[in-house]
Amino acid sequence: MIYNTLGKTGLEVSRLGFGLMRLPTKANNADIDKVEATKMLDYAIENGVNIFDTAFSYHSEVLGNNGESENFLGEYFSENTLRDEILLQTKSPSWAIEKFEDFDYYLDEQLKKLQTDYIDLYLLHSLTVPDWEKVRDLNVMDFLDDALSSGKIKHVGFSSHIEVDYVIEIIDEYPKFEVALTQLNYLDEYYQSGVMGTNYLKQVNMGSMIMEPLRGGRLVNNIPDEVNKIWDMAEVKRTPVEWGLQYLWNRDDVDCVFSGMTTLEQVKDNVRIASTEDVISEYDQEIIREVARTYRTFLGNNCSRCGYCMPCPHGVDIINCLTEYNIAHMMGDPKASAMQYFSLIDDDSRADSCVDCKECIPFCTQMIDIPAELQKVYEYFGSDFDHF
Ligand code: SF4
Ligand code: SF4
């Protein structure tokens, strides 16, 4: 295993982190196959993985609710003596916080679920701008200061899918944040905070942790022929998983990549890749860029996310509605995109809030008929997640 220093925390972390949001399940998402999941954790730890990422809501029956992932991890570490040898990271459900006391309520619940008296890395989960403003106004910084002083948490950070400017604002507002978990893969360099975000984290010496390195498996499943032909031209033959992970580990602004693994074979394969030095040549870096360009030809519309059409006077989040629709077309995984669409975009900012006033159209740099596209987005995703 290869290890990196996690920014100013000084922690030495395996560059592969174990994400516990896609563990093997039986009947439903909350019913974890504990026998199989235990084998996966055993193998990962025996082979050097030392950081594990969960969240209050992972493996819940209903999106965003109390989940089983933390319970499973708590049970796992209660049956061995490994707890102090690994780094445990979990996240506060920022969307569920309604008053100051809720911060402590969730942290104490999580400590109970995890059967531990401290959490190595505690993150505010999936911060949106409104959620950050809400928790900030509810004095989250006082809560974090107290939790750090009491030793219940050792380091703090946040995870987020927002744009880089907001990431920087959040970091500026609370300098005790030491780590951030953001989305990056070779298709998403300029999506959400992307590479500008990881560059910034490096600049300010924060730990840079990555989620969705393979876009939830979409960069490795059902690969179009056009893409396979480009991979075949590379100097070094790599599997799709190797391309996705080594792309990230070739960046010096990435400390740890979390993979949400579902099978023991995936754990073995990821551990093998994480233990192998693989410097990608400039020629093969160009191959990666060409693959990304090819994927983009499958987009549903030409939105460049420039933002000139925003803000919509009726509150529609035009950029993210069009983006999630594009990703669904590009990656051919409607359910995964729908999950993003319904969890990241507020109810009254989705495509069905467009009233067809047409005010945004003259501002579009790509000449997109925005309300017509939003109608397509609505027809594609509908008004709730249930039918996916
Ligand atoms: S057409 Fe729709 S998206 Fe455009 S400004 Fe009007 S309400 Fe907003
Ligand atoms: S102006 Fe057009 S291209 Fe730019 S974000 Fe809006 S819809 Fe997308």
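What to note about this one:
- Residues in region 328-364 that are away from ligand 1 (no atom under 16 Å from the Cβ), over 17 Å from the mean Cα position of the chain (by Cα) and assigned to a helix (DSSP H, G or I): 329, 330, 334.
- Residues that are among the small types (Gly, Ala, Ser), in contact with a Gly (Cβ under 7 Å, 6 or more places away or on another chain) and under 22 Å from residue 365 (Cβ atoms), drawn from region 297-350: 349
- Scanning region 121-179 for residues that are among the hydrophobic types (A, V, I, L, M, F, W, C), in contact (Cβ under 8 Å) with a residue 40 or more places away in the chain, more than 16 Å from residue 103 (Cα to Cα) and in a helix (DSSP H, G or I) yields a single hit, 170.
- Selection status of residue 321, closer than 30 Å to residue 241 by Cα, within 16 Å of ligand 2 (Cβ to nearest atom), surrounded by 14 or more Cβ atoms within 10 Å (Cβ to Cβ) and touching a residue at least 12 places away in the same chain (Cβ under 8 Å): yes
- For region 291-309, the set of residues classified as surrounded by 14 or more Cβ atoms within 10 Å (Cβ to Cβ), more than 16 Å from ligand 2 (Cβ to nearest atom) and of a type outside the set (Gly, Ala, Ser) consists of 291, 294, 295, 298, listed by residue number.
- Residue list for region 47-73, filter: among the charged types (D, E, K, R) and closer than 22 Å to residue 209 by Cα: 53, 70
- Restricted to region 1-73, the set of strands (runs of 3 or more DSSP E) holding at least 1 residues that are among the hydrophobic types (A, V, I, L, M, F, W, C) comprises 12-14, 16-19, 51-53.
- Applying a threshold of 7 Å to beta carbon distances and a minimum spacing of six or more residues, or different chains, the list of pairs starting in region 363-384 at a residue that is within 11 Å of ligand 2 (Cβ to nearest atom) and ending at one that is of a type in the set (S, T, N, Q) reads 365/304; 366/302; 366/304; 368/301; 368/302; 373/301.
- Only one of 61, 79, 85, 12 that is in contact with a strand residue (DSSP E or B) (Cβ under 9 Å, 6 or more places away or on another chain) and of a type in the set (Asp, Glu): 12
- The set of residues in region 365-388 that are more than 15 Å from residue 319 (Cβ to Cβ), within 14 Å of ligand 1 (Cβ to nearest atom) and touching a helix residue (DSSP H, G or I) at 6+ places or on another chain (Cβ under 8 Å) comprises 369, 375, 376, 378.
- Hits in region 233-267 - residues which are in contact with a helix residue (DSSP H, G or I) (Cβ under 8 Å, 6 or more places away or on another chain), more than 14 Å from residue 210 (Cβ to Cβ) and among the acidic types (Asp, Glu): 235, 242
- Residue 285 passes every criterion in (1) in contact (Cβ under 8 Å) with a residue 60 or more places away in the chain; (2) open to solvent by less than 50 Å² (accessible area, probe 1.4 Å); (3) more than 11 Å from ligand 1 (Cβ to nearest atom) apart from (1).
- Answer residue from region 138-165, given it is surrounded by 17 or more Cβ atoms within 10 Å (Cβ to Cβ) and hydroxyl-bearing (Ser, Thr, Tyr) and is nearest to residue 206 (Cα to Cα) among those: 159
- Total residues in region 353-362, condition crowded, with 16+ Cβ neighbours inside 10 Å and either at positive phi or away from ligand 2 (no atom under 13 Å from the Cβ) (or both): 1
- Residue within region 324-338 that is within 13 Å of ligand 2 (Cβ to nearest atom), of a type in the set (S, T, N, Q) and surrounded by 21 or more Cβ atoms within 10 Å (Cβ to Cβ) present: yes
- Residue check for residue 49: open to solvent by 10 Å² or more (accessible area, probe 1.4 Å) and of a type in the set (A, V, I, L, M): no
The values are calculated or read from the model by the stated rules, or taken from the named source; none is laboratory data. Please read these numbers as outputs of a predicted model, since none were measured by experiment. Note that each Cβ is placed from the backbone with ideal geometry, even for glycine, and that neighbours are counted across all protein chains shown. We work out accessible area using only protein heavy atoms, side chains counted, and drop any ligands, DNA or RNA first. Shrake-Rupley method; radii C 1.70, N 1.55, O 1.52, S 1.80 Å.
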